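Novice: Sharing a structure below in structure tokens format, with a few things to ask.
The values are calculated or read from the model by the stated rules, or taken from the named source; none is laboratory data. Quick caveat: nothing in here was measured; it's all calculated off a predicted structure. Heads up, the Cβs are rebuilt from the backbone with ideal geometry, glycines too, and the neighbour counts pull from every protein chain shown. Accessible surface areas use protein heavy atoms only, side chains included; no ligands, DNA or RNA. Shrake-Rupley method; radii C 1.70, N 1.55, O 1.52, S 1.80 Å.
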Amino acid sequence: MSQAQIYIEKSTVKIPLLNFTLAAGFPRPSDDYLRKRLDPKDLLEINPSTTFYMRISGNGWSEYGIHDGDHVVIDRSIPPSHGRIAVVTYAGNFTIRQIGKVGDRLFFLERDNNLNLVPIEPEGDVEIWGIISFGIHRF
């Protein structure tokens, strides 16, 4: 007994998808506001290959809106510039520093009242690891 082979040709018909929902029950009033789902990656402008999160420990940067337990988004592709807050490494530890510019040079701004400036040296002991681009605070 031979087996019959059945060949089914695959079609590539595309059917249009209408850009509204069809209520199969009582429509919810909030459905009018649901136009698009928000991807946090789009909101935070995250580049997955250069972006990292870190959780903050301590309230030393609370006047900048960075509090104990917050998460910060760090983008290593952002170049350091005046006014940015950077995650830096020093002696194998991570910490936070603000960057300032005097003339053509960038400095780490010390947070004491003396406004001490620490020059950013390419071969220095303190290395800029990345720039904080967002803070995420839980309410």
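Novice: For segment 38-57, how many residues are modelled with pLDDT of 70 or more and part of a loop (DSSP other than H, G, I, E, B)? So that I can check it myself, show each step before the final result.
Specialist: Let us first name the residues in segment 38-57 that are modelled with pLDDT of 70 or more, namely 39-57.
Those still in the list that are part of a loop (DSSP other than H, G, I, E, B) too: 39, 44-50, 56-57.
So the answer is 10.
Novice: With respect to I128, determine if the residue is β-branched (V, I, T) and either open to solvent by 60 Å² or more (accessible area, probe 1.4 Å) or in contact with a Leu (Cβ under 8 Å, 6 or more places away or on another chain) (or both). Show your work before the answer.
Specialist: Values: β-branched (V, I, T): yes; either open to solvent by 60 Å² or more (accessible area, probe 1.4 Å) or in contact with a Leu (Cβ under 8 Å, 6 or more places away or on another chain) (or both): no.
No: the conditions fail for I128.
Novice: Still on this structure, I have one more. For the condition open to solvent by less than 70 Å² (accessible area, probe 1.4 Å), closer than 17 Å to I131 by Cα, touching a His at 6+ places or on another chain (Cβ under 9 Å) and modelled with pLDDT of 90 or more, what is the one hit in I74, I99?
Specialist: That would be I99, the only listed residue that is open to solvent by less than 70 Å² (accessible area, probe 1.4 Å), closer than 17 Å to I131 by Cα, touching a His at 6+ places or on another chain (Cβ under 9 Å) and modelled with pLDDT of 90 or more.
Novice: Which one of these is open to solvent by less than 50 Å² (accessible area, probe 1.4 Å) and either modelled with pLDDT under 90 or of a type outside the set (D, E, K, R) (or both): I66, I6? Please lay out each step first, then the result.
Specialist: Numbers: I6 fails: open to solvent by less than 50 Å² (accessible area, probe 1.4 Å).
Matching residue, one of I66, I6: I66.
Novice: Being among the β-branched types (V, I, T) and closer than 17 Å to P122 by Cβ is the filter here; which residues of segment 79-91 pass it?
Specialist: Taking segment 79-91 as the starting set, the residues that turn out to be among the β-branched types (V, I, T) are 85, 87-89.
Answer for segment 79-91, where residues must be among the β-branched types (V, I, T) and closer than 17 Å to P122 by Cβ: V88, T89.
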